Amino acid sequence: MANDPSQAPLRDPGAPRGLFVTGTDTGVGKTVASCALLRALADRGLRAIGMKPVASGCTPTPDGLRNDDALALLRAGEQASYDLVNPFAYEPAIAPHLAARAVQRPISLEHVAACHRELRALADVVVVEGAGGWRVPLDDDLTLAELPKRLGLGVVLVVGLRLGCLNHTLLTAEAIHGDGLELRGWIVNCIEPPDANDAPQIETLRRRLRAPLLGVLPHRPGVSPEALAPEALAQHLDVRPLLDPG
């Protein structure tokens with residue numbers, strides 16, 4: 001890989017306007033893909049920092065509530081205050097809006113935007129990881145789709161490769177475009193053991209999605225967020241299509 005010009009650092013790297021990582025569903029590997037993106041962008045000469053604005057299922061610690069996905073993003077990218085990276089952390093392991101209601105701490109888009117501005121000042125690009133899928137509620141009215149709208153971010157879609165992913169992927173892409181946002185690229189994450197239908201499913205999506213395939217992440221059974229090796233996963237991604245600010 002060292003002699004591959006596509007992996008060589010840029011002398012004068014361009015930065016994406018910003019990236020929001022969403023998924024076809026929960027449990028499809030958004031954190032894995034986000035960490036790989038952070039490392040791949042760093043390999044291109046960019047200071048990249050991760051953000052997980054909203055997370056439920058957090059663990060109490062002496063320093064406060066901590067989320068495994070947010071901690072993985074911190075390890076993979078530039079360092080920052082945990083409270084900026086994960087401003088809304090909830091202990092109940094339920095949908096974010098229900099967790100927020102349970103502890104009477106509503107999710108504030110204004111506060112998320114303020115934290116994002118501070119992170120943006122520390123790096124060339126902030127990779128913002130969503131929670132669940134595109135239409136996950138934030139409160140009685142708003143969904144997670146409002147975040148990339150408010151922050152002005154392009155979208156990267158993580159496809160969990162399994163039976164049913166074609167429908168989930170195409171519906172999510174349709175919703176992203178329908179909301180007036182740009183699908184900058186998509187990443188396949190092999191969440192199940194290899195299957196003969198994997199390649200045909202990927203090719204079907206390649207023909208139908210109006211965005212570049214950034215890479216295919218291999219199956220990694222039983223790997224926890226703490227055991228991620230984003231520098232190795234980054235080698236499976238080609239982030240050059242993201243470097244054009246559009």
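Derivation of every value follows stated rules applied to the coordinates shown; laboratory data play no part. Predicted model only: the values in this text are computed from it and were never measured. Backbone-built Cβ (ideal geometry, glycine too); neighbour counts: all protein chains shown.
A few remarks follow.
- Figure legend. Inter-residue proximity from the range 40-67: first residues closer than 24 Å to Leu237 by Cα and in contact (Cβ under 8 Å) with a residue 12 or more places away in the chain, second residues part of a loop (DSSP other than H, G, I, E, B) and among the charged types (D, E, K, R), beta-carbon distance below 7 Å, spacing 6+ or different chains. Indicated pairs: Leu46/Asp124; Arg47/Glu78; Arg47/Asp124; Ala48/Glu78; Ala48/Asp124; Ile49/Glu78.
- Total residues in the range 149-177 satisfying the condition of being under 22 Å from Leu242 (Cβ atoms), free of Cβ contacts under 8 Å to residues at least 60 places away in the same chain and not acidic (Asp, Glu): the figure is 7.
- Qualifying residue in the range 138-154 (condition: closer than 30 Å to Asp195 by Cα and of a type in the set (A, V, I, L, M)): no
- One residue from Ala234, Ala229, Ala199 being surrounded by fewer than 19 Cβ atoms within 10 Å (Cβ to Cβ) and closer than 26 Å to Ala70 by Cα: Ala229
- Qualifying residue in the range 205-219 (condition: surrounded by 20 or more Cβ atoms within 10 Å (Cβ to Cβ), farther than 27 Å from His116 by Cβ and touching a Leu at 6+ places or on another chain (Cβ under 7 Å)): yes
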